[in-house]
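The values are calculated or read from the model by the stated rules, or taken from the named source; none is laboratory data. Remember, it's a predicted structure, so these values are computed and weren't measured experimentally. In this analysis, Cβ positions are derived from the backbone assuming ideal geometry, glycine residues included, and neighbour counts consider all displayed protein chains.
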Amino acid sequence: MKKKIVAVHLLNDYSGSPRVLATAIAGFRRQGWAVDLYASAGPGFLSECDACFRKIPYRFYDNKWLRLWALLWAQVWLFAAMWRYRRTEGVVFWLNTLMPFGAALAARLMGHRVVYHIHETSVRPPVLKRWLRFVARHTAHHAVFVSRFLQKEEGLPGVPSSVVYNALPEEFVMQAALHEKETDPDMRRPFTVLMLCSLKDYKGVGEFVALAGRLPHCQFVLVLNATMEDISHWFGQRGLPMPDNLVVFPAQRDVHPFYQHADVVCNLSHPERWVETFGMTLLEAMSYGIPVIAPPAGGPAELVHQGENGFLIDPHDLDALTHAIELLRKDKALYASLAARARDFAARFSVAQMQRQLVAVAAAQPLPPTDVHAPCRHDADLVS
């Protein structure tokens, strides 16, 4: 009997969770599993997966009522579409994030194995989060979390769970390995600070712009998961200044050129509004040998070792952020040490290891051992 994965993810874009699912699908295919993939049209990381792609009639709207309608309609559509598997044996439903609850309900009613791959904790409004967790708790046979923090915060009572850290695709790691990074910041001007994130206030876009204003001798590059039209509208609404040393880019399929020219990569998400559960851009940066700056909470506290491969700093503390960037720019020995340790640490996150673990979960087998034993440092001190 041929094994089949039915993978479901609502919004196919260039953010972290669809990227992780694309990596997981590559692992399932490598082990001989057939994969049917349900996702929105994109474009996104799932658009080119080696799977039978079926488009979900879903898109993201800025208007909250349109967004709610789109979400509910997608669930009805998924619930109906999943019944095609009612007579198919050996099917495992792999639900990427908590969102596709319509597929979970149908799968459970048909008696198929349901696995949730959970990436998020900051789901709003709270009533929606309670509903999504209720459905997951009563339909899931297993839950996979991308960090120990997330497992602790969002564990589903009565549902067996595992922590499987994300990893970068082999192609990304190989390209990063080929890049010989100059670890002496004085050799390359200007010193470049990079941030890649969604176009949201709680992602720290305002703080990043403020940092650019404080450090006019540095180059700041901001890559936002949005169109240029949306970016211009967003900045205009908030009246944010655009310093001369800040360059803003829309969503990018290929982010390698940005990492190749960066000296520091920031994640400035506000922990009180959006707790990062892993931090893919941090891992991408470290694979390039780039020191990182991240909030001292959530998944980043498991990736960033204070003063070893980067700094954990409150994103609202502009003085500490400014000091850290200046320290990395001026202290050549410290920069070289952090850069080397960042690349060594990123090498522990093997994509083959991640894929073996996810295949084991799908097959209801014990997880193979992992090389990643990241310390959970949620009480990390701010950089002095």
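Yes or no: the stretch 166-173 includes at least one residue that is of a type in the set (Gly, Ala, Ser), touching a Lys or Arg at 6+ places or on another chain (Cβ under 8 Å) and modelled with pLDDT of 90 or more. Break it down stepwise before answering.
Restricting attention to the stretch 166-173, the residues satisfying the condition of being of a type in the set (Gly, Ala, Ser) are 167.
Then keep just the ones that are touching a Lys or Arg at 6+ places or on another chain (Cβ under 8 Å); that gives none.
No.
Looking only at strands (runs of 3 or more DSSP E) that lie completely in the stretch 1-83, which have at least 1 residues being more than 20 Å from residue 132 (Cα to Cα) and among the aromatic types (Phe, Trp, Tyr)? Show your work before the answer.
Working: elements: 4-8, 34-39, 52-55.
Those strands (runs of 3 or more DSSP E) span 52-55.
How many residues does the stretch 156-180 hold that are under 21 Å from residue 114 (Cα atoms) and crowded, with 16+ Cβ neighbours inside 10 Å?
The initial filter retains those residues of the stretch 156-180 that are under 21 Å from residue 114 (Cα atoms), namely 156-166.
Checking the rest, the ones that are also crowded, with 16+ Cβ neighbours inside 10 Å come to 156, 159, 161-166.
Final tally of qualifying residues: 8.
Pull up the stretch 222-241, narrow it to residues that are touching a helix residue (DSSP H, G or I) at 6+ places or on another chain (Cβ under 7 Å) and farther than 18 Å from residue 279 by Cβ, then point me to the one that is surrounded by the fewest Cβ atoms within 10 Å (Cβ to Cβ). Break it down into steps so the answer makes sense when it comes.
As a first pass, look at the stretch 222-241 and keep what is touching a helix residue (DSSP H, G or I) at 6+ places or on another chain (Cβ under 7 Å): 222-224, 240-241.
Now drop any that are not farther than 18 Å from residue 279 by Cβ, which leaves 240-241.
Values: 240: 14, 241: 10.
By that ranking, first place goes to 241.
Condition first: under 17 Å from residue 340 (Cβ atoms) and not small (Gly, Ala, Ser). Now tell me which residues in the stretch 253-283 satisfy that. First the steps, then the outcome.
Residues of the stretch 253-283 under 17 Å from residue 340 (Cβ atoms): 259, 262-265, 282-283.
Those that are under 17 Å from residue 340 (Cβ atoms) and not small (Gly, Ala, Ser): 259, 263, 264, 265, 282, 283.
Sort out which residues of the stretch 13-68 are aromatic (Phe, Trp, Tyr) and more than 20 Å from residue 363 (Cβ to Cβ), and write them in order of number.
Here is the first cut: in the stretch 13-68, the residues aromatic (Phe, Trp, Tyr) are 14, 28, 33, 38, 45, 53, 58, 60-61, 65.
14, 38, 45, 53, 58, 60, 61, 65 - these are the residues of the stretch 13-68 that are aromatic (Phe, Trp, Tyr) and more than 20 Å from residue 363 (Cβ to Cβ).
Quickly run through the stretch 123-150 and pick out the residues that are at pLDDT below 95 and of a type outside the set (Lys, Arg).
Correct list: 123, 125, 126, 127, 128, 146, 147, 149, 150.
Among (1) crowded, with 18+ Cβ neighbours inside 10 Å; (2) more than 18 Å from residue 21 (Cα to Cα); (3) β-branched (Val, Ile, Thr), where does residue 76 come up short?
All conditions pass for residue 76, except number (1).
For residues in the stretch 297-329 being surrounded by fewer than 24 Cβ atoms within 10 Å (Cβ to Cβ) and without any contact (Cβ under 8 Å) to a residue 40 or more places away in the chain, which is farthest from residue 276 (Cα to Cα)?
Step by step, filter the stretch 297-329, then rank; the result is 319.
Kindly establish whether residue 82 is surrounded by 23 or more Cβ atoms within 10 Å (Cβ to Cβ), over 21 Å from the mean Cα position of the chain (by Cα) and aliphatic (A, V, I, L, M).
yes
Of (1) closer than 30 Å to residue 350 by Cβ; (2) surrounded by 14 or more Cβ atoms within 10 Å (Cβ to Cβ); (3) over 21 Å from the mean Cα position of the chain (by Cα), residue 122 satisfies all except one. Which?
Failing condition for residue 122: (3).
If you take the residues of the stretch 34-68 that are among the aromatic types (Phe, Trp, Tyr), free of Cβ contacts under 8 Å to residues at least 40 places away in the same chain and surrounded by 12 or more Cβ atoms within 10 Å (Cβ to Cβ), which of them is nearest to residue 84 (Cα to Cα)? Full working, then the answer.
Pass one, the stretch 34-68, residues among the aromatic types (Phe, Trp, Tyr): 38, 45, 53, 58, 60-61, 65.
In the following step, the residues that additionally are free of Cβ contacts under 8 Å to residues at least 40 places away in the same chain were identified as 45, 53, 61, 65.
From the residues that got through so far, the ones that are surrounded by 12 or more Cβ atoms within 10 Å (Cβ to Cβ) too are 45, 53, 61.
Values: 45: 26, 53: 15, 61: 29 Å.
Among those that are among the aromatic types (Phe, Trp, Tyr), free of Cβ contacts under 8 Å to residues at least 40 places away in the same chain and surrounded by 12 or more Cβ atoms within 10 Å (Cβ to Cβ), it is 53.
Restricting attention to the stretch 109-119, and to residues there that are touching a strand residue (DSSP E or B) at 6+ places or on another chain (Cβ under 6 Å) and not β-branched (Val, Ile, Thr), which single residue is surrounded by the most Cβ atoms within 10 Å (Cβ to Cβ)?
Step one: of the stretch 109-119, the residues touching a strand residue (DSSP E or B) at 6+ places or on another chain (Cβ under 6 Å) are 112-118.
Add one more test, that the residue is not β-branched (Val, Ile, Thr), and what stays is 112-113, 116-117.
Working: 112: 20, 113: 18, 116: 29, 117: 23.
The qualifying residue surrounded by the most Cβ atoms within 10 Å (Cβ to Cβ) is 116.
Among the residues of the stretch 261-280, which ones are touching a residue at least 60 places away in the same chain (Cβ under 8 Å) and either loosely packed, with under 15 Cβ neighbours inside 10 Å or of a type in the set (A, V, I, L, M, F, W, C) (or both)?
First, pick out the residues of the stretch 261-280 that are touching a residue at least 60 places away in the same chain (Cβ under 8 Å): 261-270, 273-275, 277-278, 280.
Those that are touching a residue at least 60 places away in the same chain (Cβ under 8 Å) and either loosely packed, with under 15 Cβ neighbours inside 10 Å or of a type in the set (A, V, I, L, M, F, W, C) (or both): 261, 262, 264, 265, 266, 268, 273, 274, 275, 278, 280.
Considering only the stretch 207-218, state which residues are outside any helix (DSSP H, G or I) and surrounded by fewer than 19 Cβ atoms within 10 Å (Cβ to Cβ).
Start the filter on the stretch 207-218 by keeping residues that are outside any helix (DSSP H, G or I), which leaves 215-218.
Across the stretch 207-218, the qualifying residues are 216, 217.
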